[in-house]
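Heads up, the thing below is written out as structure tokens.
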Amino acid sequence: MTRALVLDCDGVLADTERDGHLVAFNRAFAELGHTIEWSATEYAALLRVGGGKERLKAYLAEHPEVDLARGGDLDEAVRAAHLRKSEIYVELVEQGALPGRPGVRRLVHEALDAGWQVAVASTSAQRSVEAVLRSVVGEEDYARVAGVFAGDVVPAKKPAPDIYLLAIDRLGRSPEEVVVVEDSAAGATAASRAGLRHLVTVSTFTTEDEFPDASLVVDHLGEPDLPATVLAGPDVLSDKLVDVAALEALLR
């Protein structure tokens, strides 16, 4: 086994930011009696901050009029809100509200069958990432995945390279043997700082992001009846699909 495919979760496996995290945050705020309701525009700006708890803290720093803690401990109030948000998010996943993005299930299956290690590296909560991965790729391929690296397992979140450095260390791979799939500028920067080749599948909130170090940028990974479009980089796609041959080409 000489290759590894490492995927981000949010925006790569599914369009989770728009259909999952934003919905779950707002439902959690309402349930807990907080006067916060993020619009899609607000949330798009907050996505520059990696990690849900960190995102909420950044919002509160900009809005001192919002008393999330109600006179108590702010860190505890943030943890409580994020915990309930994560529970709601998993419920949405289990209800089938977050379908996989085109080509993800296909590519993961092909890579596993070709002998590649497949892993996920994300700054989202571990339980949330595992739920999305299981839903998108199915139980059989989920059991074959080499690792899910998520949440607070590293000191700094994306765009810091920590999560990717941890992933390749745990997988026992050198940077030259790894391809990362990302969807955001922060994630792509993290992969680049870890010395990893990466391809980008732009998602709802990242169409205007810039990816100067990406080996390839596509609109999605492609299905036989839904061809992928190359937005930047060499056209290494076979039959308009990002497949294992395309990944190998990016490693040459």
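The values are calculated or read from the model by the stated rules, or taken from the named source; none is laboratory data. Because the structure is predicted, anything quoted here is derived from the model rather than measured. So basically every Cβ, Gly included, is an ideal-geometry build from the backbone, and we count neighbours across all protein chains shown. All accessible areas refer to the heavy atoms of the entire protein, side chains included, with ligands and DNA or RNA removed. Shrake-Rupley method; radii C 1.70, N 1.55, O 1.52, S 1.80 Å.
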In whole Å, what are the extents of region 5-153 along the principal axes defined by its C-alpha atoms, from largest to smallest? 55, 27, 23
I'd like the distance between the alpha-carbon centres of region 77-100 and region 155-206, rounded to an integer number of Å. 24
Along principal axes, largest first, the alpha-carbon spread of region 1-74 in whole Å comes out as 54, 23, 20
For a protection proxy built on the mean count of beta-carbon atoms within 10 angstrom, sort 114-126, 165-177, 46-58 highest first, please. 114-126, 46-58, 165-177
Most packed first (mean Cβ within 10 Å per residue), the peptides 7-14, 69-76 order as 7-14, 69-76
The farthest towards the positive end of the charge dipole of the chain, of the residues 28, 50, 216, given +1 on Cβ of Lys and Arg and -1 on Cβ of Asp and Glu, is 50
Amide H within-cut-off set for residue 232, under 5 Å, with H built and near neighbours excluded: 217
Take residue 67 and residue 226, extend 7 Å from each Cα along the Cα→Cβ direction, and tell me the distance between the two endpoints in nm. 4.7
Provide the per residue accessible area, probe 1.4 Å, for the chain, rounded to a whole number of square angstrom. 44
The farthest towards the positive end of the charge dipole of the chain, of the residues 13, 137, 163, given +1 on Cβ of Lys and Arg and -1 on Cβ of Asp and Glu, is 163
Taking every alpha carbon pair in region 84-128, what does the distance histogram look like in 10 angstrom bins from 0, in percent? 22, 41, 32, 6
Tally up the carbon and sulfur contribution to the accessible surface of region 69-171 as a whole percent, 1.4 Å probe, everything protein left in place. 49
Translational D in µm²/s for the chain (Stokes-Einstein at 37 °C, 0.692 mPa s, Kirkwood Rh from C-alpha pairs): 178
In debye to the nearest 20, the charge dipole size for the chain, taken about the Cα centre with +1 at each Lys and Arg Cβ and -1 at each Asp and Glu Cβ, equals 460
Taking N as the number of residues in region 108-252, what is its Cα Rg relative to 2.2 N^0.38 Å? 0.99
If R₀ is 35 angstrom, what is the calculated FRET efficiency for the pair residue 127 and residue 2, using the beta carbon separation as r and rounding to 0.05? 0.65
